[in-house]
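Asks: Before anything else, here's the structure in question.
The values are calculated or read from the model by the stated rules, or taken from the named source; none is laboratory data. Everything numeric in this text was worked out from a predicted model, so none of it was measured. Every residue, glycine as well, gets a Cβ built from its backbone with ideal geometry; the counts of neighbours run over all protein chains shown.
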Amino acid sequence: MRIILLKILTGVLIFLFPTETILEIKTNSSEIKGNMSNSIYQQDRLQLENFISVLNSDVLEYFHLKNQYNTESKRTAFLTSEDYKTKQSELAGQKSKLLSSTYYLDFEPDYQAERSIQIKYDPETKLISVSNDLSYSLFYNDPGYIQLDQFLFKCPAEMTISKKNINYLCVDVVEETISFKIDDAALAAKIEENKYNLRLLFVFNVTGTTTVLGKTSALTSADYHIMTDLRKVIAYNSETNEIFSSYE
C-alpha cells in the first residue's frame, strides 16, 4: 500500500513540477556563444566585450566612443553633456535587462585534443570528469569555482572542481578538471557509451564583474571576470537531448 501511494505521489509531483526539457531551457534563455580551441573554452569576444561594458556601465566602451573622446578635456566635456546623459540612461536600461535575463552556456568538452581527459567512470568515487584549460593570466584563484573563459560559476553540490598549473608548448596554462557524480552505474555506462555527445549545460543569471588578479589600471574587457548566480548544471546527450543528471 505504501509503495502504491509513493508511486502516486511521485506522479503527482512530476505533474505539478514537470522537468524542463533542454529545448525549453534554451528557448527561454539567452545563449552564451563560444567554442573549444586547443582544449580551452573561449567565449565570443564581441559578446564578452558587450557584457562587460554593460555591467561596468561604461558609456564610452559600449558606444565605441573612446577614439572620439581620446583626451582628458574631450572626455570631461562629454561627461557633462546631454548626449552623455541620454546614452547613460540607455545603457542603464540595457544593464537592467541583462541582470534580469537568464542565460545558458552549452559546454562541449574536447575529447580529441592531446591534453583532454577521456570520459571514464570511476566506480569508487562515482565521478565522471571532463576537462577545460584556462589561460594562466585569466585564472581566478578562489577555490570552489568552475571557470569557463571569463565566466565564473560557484561549483554546485555533487560536482567538484580541481585545477593544476602546467606549461604546454612554453605557455602557462591552468588545467581544470570538472567532475560530476553519477550514483547509477548503468547510467554512467550509458554516458560513457555516448561520451562524444556529452554536454554540460550551465543555466544562470549574471550578477556583475570583478577584476582579474593583479589588474589595477588601463583596464580592458580582458581584465574582468563575469560573476554569476548559477541555477543548475545539466549533463545531457546533445544528439537526443536526453538529460542524464542535473546539479543545483
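Asks: Determine which single condition T240 fails, assuming it passes every other condition in (1) surrounded by fewer than 16 Cβ atoms within 10 Å (Cβ to Cβ); (2) outside any loop (DSSP other than H, G, I, E, B); (3) at pLDDT 95 or above.
Replies: For T240, the exception is condition (2).
Asks: Across region 152-182, what is the total count of residues that are in a loop (DSSP other than H, G, I, E, B) and in contact (Cβ under 8 Å) with a residue 24 or more places away in the chain?
Replies: 4
Asks: Further, regarding this structure: Check region 7-23 and report whether any residue there is in a helix (DSSP H, G or I), on the phi < 0 side of the Ramachandran plot, surrounded by 10 or more Cβ atoms within 10 Å (Cβ to Cβ) and modelled with pLDDT of 95 or more.
Replies: The answer is yes, given that some residue of region 7-23 is in a helix (DSSP H, G or I), on the phi < 0 side of the Ramachandran plot, surrounded by 10 or more Cβ atoms within 10 Å (Cβ to Cβ) and modelled with pLDDT of 95 or more.
Residue-by-condition table, conditions (1) touching a residue at least 12 places away in the same chain (Cβ under 8 Å); (2) more than 16 Å from the chain's Cα centre (by Cα):
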residue	(1), (2)
E193	no, yes
F202	yes, no
G208	yes, no
E239	yes, yes
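Asks: Tell me, yes or no, whether region 202-212 has at least one residue that is of a type outside the set (A, V, I, L, M) and not in a strand (DSSP E or B).
Replies: Checked region 202-212: no residue is of a type outside the set (A, V, I, L, M) and not in a strand (DSSP E or B).
Asks: Out of region 56-99, which residues are in contact (Cβ under 8 Å) with a residue 60 or more places away in the chain, in a helix (DSSP H, G or I) and either over 16 Å from the mean Cα position of the chain (by Cα) or surrounded by fewer than 16 Cβ atoms within 10 Å (Cβ to Cβ) (or both)?
Replies: To start, the set of residues in region 56-99 that are in contact (Cβ under 8 Å) with a residue 60 or more places away in the chain comprises 56, 61, 98-99.
Checking the rest, the ones that are also in a helix (DSSP H, G or I) come to 61, 98-99.
E61, L99, listed by residue number.
Asks: Could you list all residues from region 142-180 that are among the charged types (D, E, K, R) and either under 24 Å from N35 (Cβ atoms) or surrounded by fewer than 17 Cβ atoms within 10 Å (Cβ to Cβ) (or both)?
Replies: Answer for region 142-180, where residues must be among the charged types (D, E, K, R) and either under 24 Å from N35 (Cβ atoms) or surrounded by fewer than 17 Cβ atoms within 10 Å (Cβ to Cβ) (or both): D142, D149, K154, K163, K164, D172, E175, E176.
Asks: Answer with yes or no whether A185 is in contact with a Pro (Cβ under 8 Å, 6 or more places away or on another chain), in contact (Cβ under 8 Å) with a residue 24 or more places away in the chain and more than 23 Å from T21 (Cβ to Cβ).
Replies: It is true that A185 is in contact with a Pro (Cβ under 8 Å, 6 or more places away or on another chain), in contact (Cβ under 8 Å) with a residue 24 or more places away in the chain and more than 23 Å from T21 (Cβ to Cβ).
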